[in-house]
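Shown next, in structure tokens, is the structure this report addresses.
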Amino acid sequence: MSTDNFFPQHSVESLYGEHHGWLQKWLRSRIGNGADAADLAQDTFVRLLTARTAPSIREPRHYLTTIARGLLIDLFRRRAVENAYLEALAARPEAYEENLETRHLILETLIAIDAMLDGFGPRTRHIFLLAQLEELSYVEIGQRLGVSVTTVKNHLSKALLQCLLLVED
Amino acid sequence: MASPAARPMPKNCLEMAVHWYVQLNDGDADDNQRQAWQRWVAESPDHARAWARVEKLQRQLHGVPMDLALPVLTQAGVERRLAMKSLLVFAALGFAGLGYEFSPLGADYLSATGQRRQVLLPDGGRLDLNTDTQVDVHYSSSERLITLRHGEVRLLTAPDNLVPVPRPLVVATVHGRVRALGTDFNVRLGEKSTTVTVLEHAVEVRSRLAPDIAQRVSAGEQLQFNARQLRPVRAADLNVSAWSRGMLVAIDWRLGDFIAELSRYRSGHLSCAPQVAELRVSGAFTLDDTDAVLANLTASLPVKLRTFSRYWVRVEA
């Protein structure tokens with residue numbers, strides 16, 4: 001019978017058996033890379049396993065693609081930050097010695113900050129970074145970007161509040 | 001620390017912390033302001049907690065070499081937006097490979113009873129047609145207009161990159177116009193009214209005969225309207241769009257309503273006897289085999305089917 005049961009009960013095993021291949025194909029059609037698709041499909045089921053929500057899922061494929069989409073965005077974020085980091089390293093005047101652990105920590109921090117600034121336009125992002133990282137005064141930032149000090153403060157406040165909401169105690 | 005940390009942080013404390021931070025970082029900050037800030041921090045544990053977050057954020061930000069952080073974070077923001085755009089393109093191509101049709105700039109689409117169709121719009125947006133639906137797609141120089149003449153559609157919009165100035169995207173019915181504000185939404189045309197359900201972002205709705213009144217409907221909300229007026233916005237049943245995945249999802253529905261809904265997907269006559277119409281139904285059902293759905297009902301509810309032919313079915317006690 002093709003009809004789902006009333007209030008279906010799933011286990012992660014049964015979901016994996018029924019949908020893993022499909023999910024991998026779904027991911028592959030989006031990123032065109034078989035290895036990434038396989039990893040992300042696997043990670044999706046790991047999430048499902050830790051979330052312990054499997055038995056109550058009504059529409060497994062919808063649920064799985066929602067998780068997978070989030071992981072896909074994380075992957076893009078990570079790749080974008082890594083690429084930009086390598087480029088910035090290459091652009092440094094003198095060679096920069098770092099061990100793998102330091103690099104890992106720096107990248108994790110950058111990825112976390114990038115995630116906090118999600119959803120802000122380029123201007124807010126730029127103002128926040130100039131104020132926080134270059135430690136420019138509001139007047140200097142305003143001059144550089146051709147906006148008023150009030151505008152600088154507004155953008156900075158907005159971005160800071162968003163970050164503080166996401167920082168854990 | 002354990003007990004205050006367990007409470008959620010009041011947002012206004014964080015807003016105050018931001019306010020103080022922005023003040024104190026101004027080159028003009030003086031001792032009076034610094035003392036006032038110290039009093040504020042000492043005033044309550046929540047204030048202290050909020051300020052501790054500010055400091056934690058600062059530590060985090062300065063844990064990265066400055067000459068790396070700025071270019072990386074500026075560039076990463078741009079690159080990721082581009083990546084997301086390419087993802088949308090891939091998604092569209094993926095759909096095309098799975099039997100989507102590309103829409104020319106002006107076209108009419110029909111779906112038969114029990115059929116669903118998926119159309120890829122010229123701008124990359126996606127239009128799903130539910131059972132027994134008729135739409136016209138017309139992209140002019142000023143507007144991207146989708147006219148729903150019968151049935152139900154779900155629209156996943158794409159930004160208008162075809163022309164320098166993006167054109168508004170509108171779904172029109174005999175009852176009025178729904179303007180997309182970057183979104184995913186469902187429009188169902190009934191005999192007396194149209195119902196729009198927003199799944200992502202928002203739309204703006206205007207009745208045909210009262211076009212000066214606009215109502216914004218946001219994600220998770222639903223609005224019913226006819227040619228004269230808009231009903232109040234209410235929380236949506238987000239399962240309304242399950243049909244676009246080939247499902248009908250019912251949660252504690254009257255059997256009478258369930259059968260009426262199911263009958264949209266079947267040719268011929270399907271009805272429900274009043275004696276059983278108040279029974280309750282819950283579940284997720286595939287729309288591609290309504291015979292199986294009906295058989296399933298007889299297994300789980302005290303009902304039987306009276307069938308004269310494939311095209312005449314009545315659900316009875």
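The values are calculated or read from the model by the stated rules, or taken from the named source; none is laboratory data. These numbers come from a predicted model, not from an experiment. Ideal geometry is used to build each Cβ from the backbone, glycine not excepted, and the neighbour counts take in all protein chains shown.
Tabulated results
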{"read-out": "Lone unmet requirement of (1) under 16 Å from residue B:241 (Cα atoms); (2) polar (S, T, N, Q); (3) touching a residue at least 40 places away in the same chain (Cβ under 8 Å); (4) out of contact with any helix residue (DSSP H, G or I) (no Cβ under 7 Å at 6 or more places or on another chain) for residue B:113", "value": "(1)"}
{"read-out": "Some residue of the range A:144-152 being within 17 Å of residue B:76 (Cα to Cα) and of a type in the set (D, E, K, R)", "value": "no"}
{"read-out": "Hits in the range B:158-178 - residues which are surrounded by fewer than 16 Cβ atoms within 10 Å (Cβ to Cβ) and more than 23 Å from residue B:111 (Cα to Cα)", "value": "B:159, B:161, B:162, B:163, B:164, B:165, B:166, B:168"}
{"read-out": "Residue in the range B:221-241 that is without any contact (Cβ under 8 Å) to a residue 60 or more places away in the chain, in a strand (DSSP E or B), surrounded by 15 or more Cβ atoms within 10 Å (Cβ to Cβ) and within 11 Å of chain A (Cβ to nearest Cβ) present", "value": "no"}
{"read-out": "Top-ranked residue of the range A:57-85 - restricted to ones that are of a type in the set (Lys, Arg) and farther than 14 Å from residue A:115 by Cβ, ranked as farthest from the other protein chains (Cβ to nearest Cβ)", "value": "A:69"}
{"read-out": "Number of the exception - residue A:137 against (1) facing chain B (nearest Cβ under 9 Å); (2) over 21 Å from residue A:86 (Cα atoms); (3) touching a residue at least 24 places away in the same chain (Cβ under 8 Å)", "value": "(3)"}
{"read-out": "Filtered residues of the range A:146-169 (kept if surrounded by 15 or more Cβ atoms within 10 Å (Cβ to Cβ) and more than 10 Å from chain B (Cβ to nearest Cβ))", "value": "A:147, A:151, A:155"}
{"read-out": "Every residue from the range A:28-56 that is within 10 Å of another protein chain (Cβ to nearest Cβ) and of a type in the set (A, V, I, L, M)", "value": "A:31"}
{"read-out": "Lone unmet requirement of (1) surrounded by fewer than 17 Cβ atoms within 10 Å (Cβ to Cβ); (2) part of a helix (DSSP H, G or I); (3) of a type outside the set (D, E, K, R) for residue B:211", "value": "(2)"}
{"read-out": "Count of the range B:5-40 residues which are away from chain A (no Cβ under 14 Å) and either surrounded by fewer than 16 Cβ atoms within 10 Å (Cβ to Cβ) or farther than 22 Å from residue A:158 by Cα (or both)", "value": "9"}
{"read-out": "The range B:129-157 - residue that is farther than 25 Å from residue B:262 by Cα and either crowded, with 19+ Cβ neighbours inside 10 Å or charged (D, E, K, R) (or both) and, of those, nearest to the chain's Cα centre (by Cα)", "value": "B:157"}
{"read-out": "Qualifying residue in the range A:89-106 (condition: among the polar types (S, T, N, Q) and surrounded by 15 or more Cβ atoms within 10 Å (Cβ to Cβ))", "value": "no"}
{"read-out": "Residues within the range B:53-69 that are at the interface with chain A (Cβ under 7 Å from one of its Cβ atoms) and closer than 15 Å to residue B:9 by Cβ, tallied", "value": "4"}
{"read-out": "Failed item in (1) facing another protein chain (nearest Cβ under 7 Å); (2) out of contact with any Leu (no Cβ under 8 Å at 6 or more places or on another chain), with residue A:88 passing the rest", "value": "(2)"}
{"read-out": "Single unsatisfied condition, residue A:107 versus (1) more than 7 Å from every other protein chain (Cβ to nearest Cβ); (2) over 16 Å from the mean Cα position of the chain (by Cα)", "value": "(2)"}
{"read-out": "Residues (touching a Pro at 6+ places or on another chain (Cβ under 8 Å), of a type outside the set (Gly, Ala, Ser) and part of a strand (DSSP E or B)) located in the range B:157-208", "value": "B:177, B:179"}
{"read-out": "Any pair with Cβ under 6 angstrom, 6 or more apart, that starts in the range B:268-296 at a residue that is away from chain A (no Cβ under 14 Å) and ends at one that is part of a loop (DSSP other than H, G, I, E, B)", "value": "B:268/B:311; B:275/B:317; B:276/B:303; B:276/B:317"}
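So that you can scan it fast, the table gives a plain yes or no per residue for (1) free of Cβ contacts under 8 Å to residues at least 40 places away in the same chain; (2) in the same structural domain as residue B:287 (by TED's automatic domain parsing); (3) within 23 Å of residue B:247 (Cα to Cα):
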site: B:124; (1), (2), (3): yes, no, no
site: B:157; (1), (2), (3): yes, no, yes
site: B:176; (1), (2), (3): no, no, no
site: B:190; (1), (2), (3): yes, no, yes
